[in-house]
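*Asks:* Here you go, one structure.
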Amino acid sequence: MSTLNTSPASDAEAPTPGRRAESEAVYAALSAGALGALYGLVVGLFAPDLQLAGEADSFAVWAAVGAAVVAAVASTMEYWRSRDRPGQEWRHSLPSWKYTVNTVSVVIVHTALAFVAVYALYRVLAMGFIGLPIVTFWAVVLMAVTLGLTTWIVYLSVSAMTTQRMSSLLLAFIAIGTLTAMVTTPDPRWWTIHFSHLGTFEDDLSTWVFNGTLIAAGLLVTTFAVYIANDMRELAAAGVLENPRGPRTVPVLFVVMGIMLACVGIFPVDVNLALHNLSASGMAAMFLVLLIGGPNFLRGMPRTYFVASWGFLGAMVASVILFIPAVGYFSLTAFEIIVFALIFGWIAVFIRFLGVAGRRD
């Protein structure tokens, strides 16, 4: 017995890299690996006996920079070309300026994610190999493997980008970026002040990682909105979403949320407190509008989605009550982290249900 499936991007039907993309990714990885070996040779010869991590001039930093460069090149080339691949043709209909902005944001996020992921990985390895110097041979091997794997992963990531994959990329980027900022901050007791304190240390790597993560994530959310708009238009055309204003309103709210998130990183709390707080409040406000307006904007979504949304709203209200001075159970840091987690947790749930809306299986 057949089932109706009007979902534009369900997991079972989401575009996957084809044989050509898989082959190209391998060749790109081999090329990057060869360049990585040469890069590692140069690093090993001119900076002998580097520590694995933990210093401003460590092997982890050099490896992260190399990974960021190859990620930028791979994501730029493949994201631009992938609009001709099956399931991606709709991107041809985007205005040139919008497609350019989307490409820039995807490239920035993959570049930044490659940097923080590689740096964090080597920081973890350094904890298991305390005091181990990296001689030239291992510099060549590790750089070749690092740059080759980075290129392979990034190439395949952008070759078949969907709303679901972009949401996974966003969550991974936010998690890795903030955790990296936490473990590299020069103030181990940052949590006694507030979450945004992580972005206040002048000329420190953790500050650049924290603020850069927020800015890049904000850009990705604006690109995210384009994919959401396409999915919602298809669902509205199929009669799944009943409010014709939804495909126009919801993406706009996501764009505003993305801009506000980026501004939180652009205006650290020690640079401009008013704009920082205004940006954070604006992001939270868009989240509340999407939650409260969901039954109207998203009429036709599965009932379970709305149950989950009301659960997120209830958790937000409870967090506010526990934070207010009269109760004072939550510290400012705990409150900020909880709200942050609720927003991005809801985004993940929303995208998952958007991908299965209209299915009867």
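*Asks:* Among the residues of region 84-93, which ones are assigned to a helix (DSSP H, G or I) and surrounded by fewer than 16 Cβ atoms within 10 Å (Cβ to Cβ)? Before you say what the answer is, go through the steps one by one.
*Replies:* We begin by selecting, within region 84-93, every residue assigned to a helix (DSSP H, G or I); these are 84, 89-93.
Correct list: Asp84, Glu89, Trp90, His92, Ser93.
*Asks:* Restricting the search to region 234-248, which residues are without any contact (Cβ under 8 Å) to a residue 24 or more places away in the chain, within 12 Å of Leu298 (Cα to Cα) and part of a helix (DSSP H, G or I)? It would help to see each step written out before you state the result.
*Replies:* So the first thing to find is which residues in region 234-248 are without any contact (Cβ under 8 Å) to a residue 24 or more places away in the chain, and the list is 236-237, 244, 247-248.
Retained after the next criterion (residues that are within 12 Å of Leu298 (Cα to Cα)): 236, 244, 247-248.
Selection gives Ala236, Pro247, Arg248.
*Asks:* Quick check: is even one residue across region 87-105 modelled with pLDDT of 85 or more, under 26 Å from Glu22 (Cβ atoms) and touching a Pro at 6+ places or on another chain (Cβ under 6 Å)?
*Replies:* No, region 87-105 contains no residue that is modelled with pLDDT of 85 or more, under 26 Å from Glu22 (Cβ atoms) and touching a Pro at 6+ places or on another chain (Cβ under 6 Å).
*Asks:* Restricting the search to region 175-227, which residues are within 26 Å of Asn102 (Cα to Cα), among the aliphatic types (A, V, I, L, M) and without any contact (Cβ under 8 Å) to a residue 24 or more places away in the chain?
*Replies:* Hit for region 175-227 is Ala175, nothing else.
*Asks:* Quick one: in region 189-204, which of the residues that are crowded, with 18+ Cβ neighbours inside 10 Å and of a type outside the set (Ser, Thr, Tyr) is nearest to Leu332 (Cα to Cα)?
*Replies:* As a first pass, look at region 189-204 and keep what is crowded, with 18+ Cβ neighbours inside 10 Å: 190, 195-201, 204.
Applying the additional criterion that residues be of a type outside the set (Ser, Thr, Tyr) yields 190, 195, 197-199, 201, 204.
Numbers: Trp190: 12, Phe195: 8, His197: 11, Leu198: 13, Gly199: 15, Phe201: 19, Asp204: 23 Å.
Per the criteria, the residue is Phe195.
*Asks:* Please find, within region 39-74, the residue that is modelled with the highest pLDDT out of those that are among the aromatic types (Phe, Trp, Tyr) and buried (at least 18 other Cβ atoms within 10 Å of the Cβ).
*Replies:* The first filter runs over region 39-74 and keeps only residues among the aromatic types (Phe, Trp, Tyr), leaving 39, 46, 59, 62.
The next check asks that each one be buried (at least 18 other Cβ atoms within 10 Å of the Cβ); those that pass are 39, 59, 62.
Values: Tyr39: 93, Phe59: 87, Trp62: 90.
Filtering first and then ranking leaves Tyr39.
The values are calculated or read from the model by the stated rules, or taken from the named source; none is laboratory data. Keep in mind that this is a model prediction, so the values were computed, not measured. Note that we place each Cβ from the backbone using ideal geometry, even for glycine, and neighbour counts take in every protein chain shown.
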